[in-house]
Amino acid sequence: MAKIKFILNNEMRTVDVEPNETLLDVLRDKMGVKSPKCGCDRGDCGACAVMIDGKSVRSCLVFAIEVNGQEVTTLEGISQPKLTKLQEAFIQFNSFQCGYCAPGVIISATELLNNNPHPDLEEIKEALSGNLCRCTGYQPIFEAIMDVSRKRKK
Amino acid sequence: MNKYKFVGKPIVRIDGREKVSGAAIYGDDIDFGPNLLYAEIVESTEAHAIIKSIDTSEAEKVEGVFKVFTGKDFPYKFGLYMKDRYIFAQDKVRFVGEQVAAVIGRTPQAAKKGAQLVKVEYKPLPVVTNQMDALKKDSVLLHPDLGEYPHVPWFFPKPKTNVAHWRKTRKGDLEKGFKEADLVFEDEYFVPRYAHCAIETHVAIGKYDLGGRLTVWSSSQSPHTQRHLFAEALAPMGLTHKDVRVIAPHVGGGFGGKAGVTMEIIPAALATKLKGYAVKLRWTRQQEFVNTYQRLGVVAKLKVGVKKDGTITALDHKIYWDAGAYVEYGANVVNAVGLSAIGPYRIPNVSIDSVCVYTNLPPGGAYRGFGYSEMLFGLESHMTQIAHKLGMDEVKFRLKNAIKEGDKTAYGADMNPNGLLECIEKVAKEIDWGKKIVSKDPKKAIGKGFSLFWKAPAMPPNASSSAFLKFNEDASINLIISGMDIGQGYQTVMAQIAAEVLSVPPSKIRVETPDTDRNPYEWQTVASHITWSSGNAVKKAAIDAKEQILALVERVFVIPKDQLYLEDEAVKCTTRKNFNLPLRDFVVNGIMTEDGTFKGGPINARGMFLPEFSSANSDPETSQGGHPNVHYTVGAGALILEVDKDTGKMHVIKAVEAIDAGQAINPDLIKGQITGGLLQGLATVLYEDMRYDEKGKLLNPNFTDYKIPTAMDVPDEIVPIIVEVPQPDGPFGARGIGEHTMLPAAPMIANAVEDAIGIRIKSMPFTAEKVAMAMLNLKNKKGK
C-alpha cells in the first residue's frame, strides 16, 4: 500500500493504493467518484475516460499510483460550477441515450474542443473513435460538438 | 400539426441533466458499504458434459473466501416461457461458460482467486453446435427430459428430439398457390449469432436481510418480471412476491440483453444463503458475451411463387433457429417469427415452419428486433431476387404486394391501419430510386438497396402496464411507472403523454427508475410495446387525475364538469372567461370554501392497460384462430452503398428509413432511434460476427475481436422519415418503433451489393473479405 496525493476535481486528495490498482477502481471504489464507467476493463470502450493534466486517458489502463502529484479531472469536475456549453448541447441534440458512455464521450469531446476550438467532421470522428456508443449512432454527438464550435467566436 | 401542445413536439429529454453530468446512478455505482460480498463464477470449460465431481476444498482455503456454492445448493429451475434452466448446472453442463459454482469473497480478488482453484471433473458428451446437425436423427440430445419441462401453452416442444418449439403457420392452399405461379424461386439464407454489446455489462446485487426480505438491485429491462421469476424460483426458500423487491437503477443499454432474467438470478439465489449480507455479481466483458442471451443463429429456406404480373401466390418459409443450450426466452423469438414470416406482404397461400433447436452454444434470447432482422434478411433478399427474375422493378414489386389495412395476416387476423405504401414511396423518392449512380473512381462500384420491414410486439396476451400519478404542492407531478428508460427516451415520452392530458409541461414531471415495492406493475420494457402499452396506462392515469380535479371543482364551484377544462396548469371554464384556478392552489391542500373548511385533498391517480382483444389460442397445426399480435409497425428503408472493387470494403453514402410511428410522441427521439438502430443493424451485416470453434467455445468475446461501430463507421448521411397513420388503440395514436429501426439494414446491404457488383451474397456478415473473395471468384469464373 502506498499513499498518493493528487488533485481530483480541483481538490487535493490523498489515498492509499495498492501498486496494481487501476485509477478507475480507485476513483470509483475509494474516492466515491462514479462517473467513469467500466465497460470493458481493457481500453477498448472509453467509458472510463478521465483527464490527467488536461489529457484524456482510459482510467482502466492507468495505475492509480501513476497519478501521484498530477491533476485528475472527471465529468463531476467538468460539471462544476455549472454544465458546460458542450454538456448543454448534448442535452439539446440528444447526444446520449442510455447515458453510460456519456461521461467518457464528454471527456473526449471536451479535450478536443480545448485543443481545437473549430474541429471539422473528420477531426471530430477521429477524436471520438476511442469511445464506443451502442445507442446513438454517433451522429447526434457530432452535431452537439459542431454546434458548440459554430457558436464560438472564430 | 398543432393538434397537441406537448405530444408530437421535440421536447428535450427529462433525464438529460443527470446523464450528461455523471449524476445518473447505474447498478455498479451504488455503494453497499464494507460488508459487501463479491461473487465470482466458476464456468464450464466443456460444451456438453456430465459433471463427475466438484472439489471446492482448495478454494475454501483462500484468505478472504467467504463461502463456495455449487448446483447442489440451488436445485431450482427457472425460465420465462419454458422452465428448462437451472440457476447453477446440476449434473450436466450444456455450453462453454455455463455457471457451475460460485465463490464468494470479501474482495473481488479473493473471489477470483478462489474460483480459479475450484476443480471440476467432467465426462465429455458429444457436442452439437449447429442446428441442422442437432435436427438429425442420430444427434445427441441436450434435454432428454424435454417432455417434462413446464412451458406456456402456446409452445410445442417435441420430446426426445432437440426441438424445443415448432411454430407452424398455415394459410390457404400452398400447393394450389405454387401451381398458380408462373415462377417459383427457392433459396437459402444464413445468419450467425450476434451480441448486444450494451456498454454497461450486467450487474446485480442481492441482499437477503435478517428480517427475511430479498432485495435485488439489477441492471434490468424487466424489474417486475424479475421479481416474479425470483419469487417463483426461490419459493422453496419460503419467499413470496411481497418478500422480493427489485430496484432497477439506470440501465446502460439493453437491446433485449437485459430482458427477462439471466445472471440476476445468481446473486438473488446466493443472497438467500448469505443472510444479512449483500452480494454483488458483475459480468466482465467476456462474460457479457458468453453468459447472457445472444441473438439466435438462423438457416432459412425460402420458396416463393409469383405470377408474371408480380403477384405473390405462395410462400413456404422454413426457419431453423440455433437457440442454444436453454431456450426459456429464445423460444418466444422463434414463436414470434413463426407467426410473422410472411413479412409485410399480402400472400394468400402460406406455410411457415419456425423451428427452435437446442445446440451446445450459449442460450439465445431477446435481441432488438426479436428475430425479425434474421427473418427479413432472407425474405427481403429473396423478394429482390424474385423481382429481378421477373424483370420487374423491385420497388414496384413491393408496392404491388405490400400488405394493407384489413388484409389477412398469416394467422388470419386483420392487418392494422398502416402507412406502408407511404413509407415505400417516400423512401424511393428520397433515395432517387431507379437512378443509377456511377462512381467517379473506377475502383469503386455504387449500388442501391431497398427493403421493407415489419414487426409486432411479441408478448403474452395478458402483458400489462400500469401507472400511478401524484401531484405535489406546486402542481409538479411524480409519474410512477415501471418501464425502463434503456436509452430510448421512455421517461420523457411518458411525461409528454401525461403533460398533454393535464396541461402541465413535461419539465414539471419527474419520472424515476422503478422499485417494485413502490411502482405499479409493468410486464417488461421489451417488444417496442412500451410507448403503446405504458403510454396507454399513463394516459389513463392522467385522465383519472383530470377527472378528480374537475369533479372537485364542479363540487366546490357548482360549475358543470363539461364546462371545465385544463389549460396552462390551471382549471378554466368555457362559460366563465375569468375563471382561472391554478392547479398549485389546490391539488394537494384542497380548496377552501366560504366557511373556512377545505374540500378535496391530494390528487393521486392510477391507470392500467391490458390488450383485452389479444389471444394466443390457436390451432397448433395452422396458428389460425387467435389474435397473438396486437399490431404491426411497418416501414421501408433504402441505402446507397459504395464498394471497393479491389478490397471489398463497403461504405454507406446515404441511408433513408421511413417508419410509421402512428403518432410521433417525440419526433427527435424517433430520429435518435433511427440513427442508432440503423447503425446497429449495419454493423450486424458489415462486420459483427460471433465466431465459435468446433467445441463450442466463443473465440472473440471482446471489443478488440468483435467489432462494434465506432464514430468512424457512421454513414455519410442518414435521412429519417416519420409517417403517421394512427394506431386506433395507441396513446394519441402512437405505436412503438424502437427495435424496427435496425430491421432493414442487412437486406438493404445485400440488395445494394448485388446492385453494385452483380453478386448475391446469402450469408451474413458481409465482411470486406467475403465481398472481395466473391468478386475474385466471379473474375476467375469469367476468366475460364
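Observations on the structure shown:
- When the square roots of the Cα gyration tensor eigenvalues are ordered a ≥ b ≥ c, the ratio a/c for the protein assembly as shown is under 1.5, which makes its shape rounded.
- With R₀ set to 35 Å, the beta-carbon distance separating B:LYS440 from A:LEU121 gives a calculated FRET efficiency near 0.95.
- Chains B and A together bury roughly 3800 Å² of accessible area, counting both sides, with a 1.4 Å probe on protein heavy atoms only.
- Evaluated with a Cβ-only charge set (Lys, Arg +1; Asp, Glu -1), the protein assembly as shown carries a dipole of roughly 900 debye about its Cα centre, given to the nearest 20.
- In terms of its alpha-carbon gyration tensor, chain B comes out oblate; a/c meets the 1.5 threshold, while b/c is at least as large as a/b.
- Here the contact order of region A:65-154, divided by its residue count and restricted to Cα pairs under 8 Å and six or more residues apart, works out to 37 percent.
- Cα centroid separation - region B:82-138 against region A:103-154, whole Å: 43
- Between the residues B:THR647, B:MET415, A:ASN10, the greatest Cα displacement towards the positive end of the dipole of the protein assembly as shown, with unit charges on the Cβ of Lys, Arg, Asp and Glu, is found for B:THR647.
- Summed over all non-identical Cα pairs, the Kirkwood treatment of region B:148-289 gives a radius of 18.5 Å.
- Using equal-weight Cα scatterers in the Debye expression, the normalised intensity of region B:12-69 in log10 at q = 0.13, 0.14 Å⁻¹ is -0.65, -0.69.
- In units of the compact-protein estimate 2.2 N^0.38 Å, region A:85-151 shows a Cα radius of gyration of 0.95.
- Here is how the number arises for chain A: DSSP H runs of 4 or more residues each give -39500 (n - 2.57), the sum is divided by the residue count, and the result at 222 nm is -9000 deg cm²/dmol.
- Unit charges at the beta carbon, dipole of the protein assembly as shown: most positive-side option, B:VAL556, B:PHE468, B:LEU682: B:LEU682
- Between B:LYS52 and B:ASN578, the distance separating the two model label sites (each 7 Å from Cα on the Cα→Cβ line) works out to 9.5 nm.
- Set B:LYS546/B:LYS599; B:LYS561/B:LYS599; B:LYS301/B:LYS762; B:LYS67/B:LYS280; B:LYS318/B:LYS762; B:LYS396/B:LYS444 screened for pairs whose C-alpha atoms are more than 22 Å apart: B:LYS396/B:LYS444
- Assigned charges on the beta-carbon of Lys, Arg, Asp, Glu; chain A dipole about Cα centre (debye): 480
- Region B:319-343 and region B:355-394 have their alpha-carbon centroids 12 Å apart.
- Local electrostatic count, B:GLY677, Cβ distance below 11 Å [Lys/Arg +1, Asp/Glu -1]: +1
- Gyration tensor (alpha-carbon) shape descriptor, region B:369-414, a/c threshold 1.5: oblate
- Take the Cα of B:LYS782, step 7 Å toward its Cβ, do the same at B:LYS400, and the gap between the two points is 3.0 nm.
- Accessible surface for the protein assembly as shown, divided over its residues, is 36 Å² per residue with a 1.4 Å probe.
- Translational diffusion of region B:265-407, estimated by Stokes-Einstein from the Kirkwood radius over alpha carbon pairs at 25 °C in a medium of 0.890 mPa s, is 140 µm² per second.
- Each Lys or Arg adds one and each Asp or Glu takes one away; over the other residues whose Cβ falls under 11 Å from the Cβ of B:GLU569, this sums to -1.
- The spacing between region B:168-224 and region A:1-64, judged by their C-alpha centroids, is 38 Å.
- About its Cα centre, the dipole of chain B is roughly 1000 debye, where the only charges are +1 on Lys and Arg Cβ and -1 on Asp and Glu Cβ.
- Rounded percent of accessible protein surface that carbon and sulfur make up, region A:85-151, 1.4 Å probe: 48
- Taking the alpha carbon gyration tensor of region B:666-771, multiplying each eigenvalue by 5 and rooting it gives semi-axes of 31, 18, 14 Å, largest first.
- Lys/Arg +1, Asp/Glu -1 at C-beta; region A:83-154 dipole; positive extreme among A:GLN87, A:GLN97, A:ASN115: A:GLN87
- A:ASN10-A:GLU66 FRET efficiency (beta carbon distance; Förster radius 22 Å; 0.05 resolution): 0.65
- Entries in B:LYS443/B:LYS654; B:LYS9/B:LYS455; B:LYS171/B:LYS695; B:LYS404/B:LYS671 that, when Cα-Cα distance is taken, lie over 29 Å: B:LYS171/B:LYS695
- Two-decimal ratio, region A:2-78, of alpha-carbon radius of gyration to 2.2 N^0.38 Å: 0.95
- Helical runs (DSSP H, four residues minimum) scored at -39500 (n - 2.57) apiece and divided by the length of chain B put the mean residue ellipticity at 222 nm at -7500 deg cm²/dmol.
- Here is the list for region B:428-506: trypsin sites (Lys or Arg not before Pro) lying in DSSP coil, each with at most 12 other C-beta atoms within 10 angstrom of its C-beta, are B:LYS435, B:LYS436, B:LYS440, B:LYS443.
The values are calculated or read from the model by the stated rules, or taken from the named source; none is laboratory data. Please read these numbers as outputs of a predicted model, since none were measured by experiment. A quick note on method: Cβ atoms are made from the backbone with ideal geometry, for glycine too, and the neighbour counts reach across all protein chains shown. Quick note on the areas: whole protein, heavy atoms, side chains included, nothing else; ligands and nucleic acids left out. Shrake-Rupley method; radii C 1.70, N 1.55, O 1.52, S 1.80 Å.
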